[in-house]
Amino acid sequence: ETGVTQTPRHLVMGMTNKKSLKCEQHLGHNAMYWYKQSAKKPLELMFVYNFKEQTENNSVPSRFSPECPNSSHLFLHLHTLQPEDSALYLCASSPIGPSYNEQFFGPGTRLTVL
Amino acid sequence: ILNVEQSPQSLHVQEGDSTNFTCSFPSSNFYALHWYRWETAKSPEALFVMTLNGDEKKKGRISATLNTKEGYSYLYIKGSQPEDSATYLCAFSGTQTGANNLFFGTGTRLTVIP
């Protein structure tokens, strides 16, 4: 166990649905991340939050909307997704500091968009 | 997007064999190189974070080396065991892309045959 939990673990949604992914950590970290892994592609960073402020948005379409209400929780709100958005979505957290702080990952949410 | 390459893509070894794989990354603006171990249906777990050229790190039967001048890192597993079966990911961070921005390779999938 890494101390980072994600819910749900699996999600199937239609293109017109609205759903949210949830991530939670109680490791005392102040940085949280959303990553996407599509089939046969590397993990891609989507969003970074430091002290609840978004510091990175790697050209992610607006149909993905992150929210970080506090340092322990991170959400990814999904609406009008496309089938190509089907992927594994991973959350991670880390202390804020030099880049050589390791990131702690959750187990991911497997998303299927029909 | 920075190019981080891992080879081989997959590897099958017999129990007891030693093995190694490679991570190649940009040699300029280097900050840190991370290695993660990712078992199926679990969370990626950090193995090593390496920052200095010539660094060598060891954890049990697993060790890693780093050459920042030529842009590569090797991961070694001595006397592979079935429980070593996993995907091994490396991730690069650079001074120009920000401390929290990790660029991952696609991983090396290791299967250890009992």
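Remarks
- The GluC sites (Glu not before Pro) of the range B:54-83 that meet both conditions, a loop assignment by DSSP and at most 15 other Cβ atoms within 10 Å of the site Cβ, are B:Glu70.
- Note on chain B: Cα convex hull, mean projected area over all directions, 6.6 nm².
- Per residue, the convex hull spanned by the alpha carbons of the range B:1-68 comes to 122 Å³.
- Length-normalised contact order for chain B - Cα pairs under 8 Å, 6+ apart - percent: 37 percent
- Area accessible to solvent at B:Tyr76, 1.4 Å probe radius, in Å²: 80 Å²
- Interface burial for B against A (accessible surface, 1.4 Å probe, total of both chains, Å², rounded to 100): 1800 Å²
- A:Glu44 accessible area, 1.4 Å probe, all protein chains in place, Å² to nearest 10: 80 Å²
- Distance from the C-alpha centroid of the range A:50-90 to that of the range B:1-76: 28 Å, rounded to the whole angstrom.
- The residues A:His79, A:His29, sorted by heavy-atom accessible surface at 1.4 Å with ligands and nucleic acids left out, run A:His79, A:His29 from largest to smallest.
- For a 4.7 Å threshold on C-beta separation, the list of partnerless cysteines in chain A reads A:Cys68.
- Solution diffusion estimate, µm²/s, Stokes-Einstein, the range A:6-85, Kirkwood Rh from C-alpha pairs, 25 °C, viscosity 0.890 mPa s: 184 µm²/s
- Partners for B:Lys78 among aspartates and glutamates (Cα-Cα distance below 18 Å; same-chain residues under 8 apart left out): B:Glu15, B:Asp17, B:Glu56
- Pairs of Cα atoms in the range A:38-108 fall into 10 Å distance bins, from 0 up to the last occupied one, in shares of 16, 53, 27, 4 percent.
- As a length-normalised measure over Cα pairs under 8 Å and 6 or more apart, the relative contact order of chain A settles at 37 percent.
- Heavy-atom accessible area, probed at 1.4 angstrom with all protein chains present, ranks B:Ser10, A:Ser93 as B:Ser10, A:Ser93, highest first.
- Of the residues B:Ile77, B:Ile113, the one with the largest accessible area comes first in the ranking B:Ile113, B:Ile77, computed with a 1.4 Å probe on protein heavy atoms.
- Relative to the compact-globule estimate of 2.2 N^0.38 Å, the Cα radius of gyration of the protein assembly as shown comes out at 1.01.
- The range A:1-78: trypsin sites (Lys or Arg not before Pro) in DSSP coil with no more than 16 other Cβ atoms inside 10 Å: A:Arg9, A:Lys40, A:Lys52, A:Arg63
- The A:Lys40 and B:Tyr76 beta-carbon pair, evaluated with R₀ = 22 Å, returns a calculated FRET efficiency of approximately 0.30.
- Virtual paramagnetic centre 7 Å along Cα→Cβ of A:Glu53, amide N under 15 Å, in the range A:26-42: A:30-32
- The share of accessible area on the protein assembly as shown that comes from carbon and sulfur is 48 percent, using a 1.4 angstrom probe.
The values are calculated or read from the model by the stated rules, or taken from the named source; none is laboratory data. Here the structure is a predicted model, which means the values were calculated and not measured. Neighbour counts run over all protein chains shown; Cβ positions are idealised from the backbone, glycine included. Note: accessible area is taken over every heavy atom of the protein model, side chains too, but ligands, DNA and RNA are not part of it. Shrake-Rupley method; radii C 1.70, N 1.55, O 1.52, S 1.80 Å.
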